[in-house]
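Okay, so here's the structure we're looking at.
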Amino acid sequence: MIGEYPLSIGLVILGEPASKANSRKLVTIGGKSLFIKSDKARDYVVAARRQAQSAMRGMRPMVGRIRATIDIFYATQRPDLDESLILDVLQGICYVNDRQVRERHVTHWIDRKNPRAHILLTHVPEPPAVPPPHLRYPPPSPTSS
């Protein structure tokens, strides 16, 4: 824990997440055309938020930089690997804002009978103010002797 905030959170969300990019539908409201989440995506968001809130058992959301390791078990090979709806769902429950997620490790699995997402969120320390030499761009030029 950092003060009263958890250093890691593990949870499982049952159900198959919809791809955020592919789960929009066009509707007309008051003469204006709008893209909204599909029924599948909206249903997933409601169910997943409920499951995440239950898993948190009253803990406060994580603060600081976060690494998300997500194993998504889809019912078929067809869906694109897309964790963005899951990250949106966890915002305000497991962490304050999804901009805190600085690393993502996401894997696509198949479980025809039990689609779900296994999620591990871990705190990542702040990076140093100056990156190490091997991460600087452009790389330092070799000095001649």
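The values are calculated or read from the model by the stated rules, or taken from the named source; none is laboratory data. Please read all numbers here as calculations on a predicted model, not as lab measurements. Ideal geometry is used to build each Cβ from the backbone, glycine not excepted, and the neighbour counts take in all protein chains shown.
Values as computed for the structure displayed
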read-out	value
Contacts under 9 angstrom Cβ, first residue in segment 48-63 being touching a residue at least 12 places away in the same chain (Cβ under 8 Å), partner loosely packed, with under 14 Cβ neighbours inside 10 Å and part of a helix (DSSP H, G or I), 6 or more apart	none
Any hit, segment 67-84, residues being closer than 15 Å to LEU120 by Cβ, among the hydroxyl-bearing types (Ser, Thr, Tyr) and touching a Pro at 6+ places or on another chain (Cβ under 7 Å)	no
Given (1) within 12 Å of the chain's Cα centre (by Cα); (2) over 17 Å from GLN51 (Cβ atoms); (3) among the aromatic types (Phe, Trp, Tyr), number of the condition TYR137 does not satisfy	(1)
Criterion violated by PRO131 - all others in (1) surrounded by 10 or more Cβ atoms within 10 Å (Cβ to Cβ); (2) touching a residue at least 40 places away in the same chain (Cβ under 8 Å) satisfied	(2)
Count - residues of segment 8-41 that are at pLDDT below 90 and surrounded by fewer than 13 Cβ atoms within 10 Å (Cβ to Cβ)	14
Residue in segment 77-86 that is in contact with a strand residue (DSSP E or B) (Cβ under 9 Å, 6 or more places away or on another chain), modelled with pLDDT of 95 or more and closer than 16 Å to TYR5 by Cα present	no
Every residue from segment 56-98 that is under 17 Å from ARG116 (Cα atoms), part of a helix (DSSP H, G or I) and of a type in the set (A, V, I, L, M)	LEU85, ILE86, LEU87, VAL89, LEU90
Matching residues in segment 72-111 - criterion: being within 15 Å of GLY10 (Cβ to Cβ) and surrounded by fewer than 17 Cβ atoms within 10 Å (Cβ to Cβ)	HIS105
The listed residue being β-branched (Val, Ile, Thr), under 17 Å from ILE66 (Cα atoms) and at pLDDT below 95, out of VAL124, VAL101, VAL106, VAL96	VAL124
Given (1) of a type in the set (D, E, K, R); (2) farther than 19 Å from ASN97 by Cβ; (3) surrounded by fewer than 16 Cβ atoms within 10 Å (Cβ to Cβ); (4) modelled with pLDDT under 90, number of the condition ARG50 does not satisfy	(4)
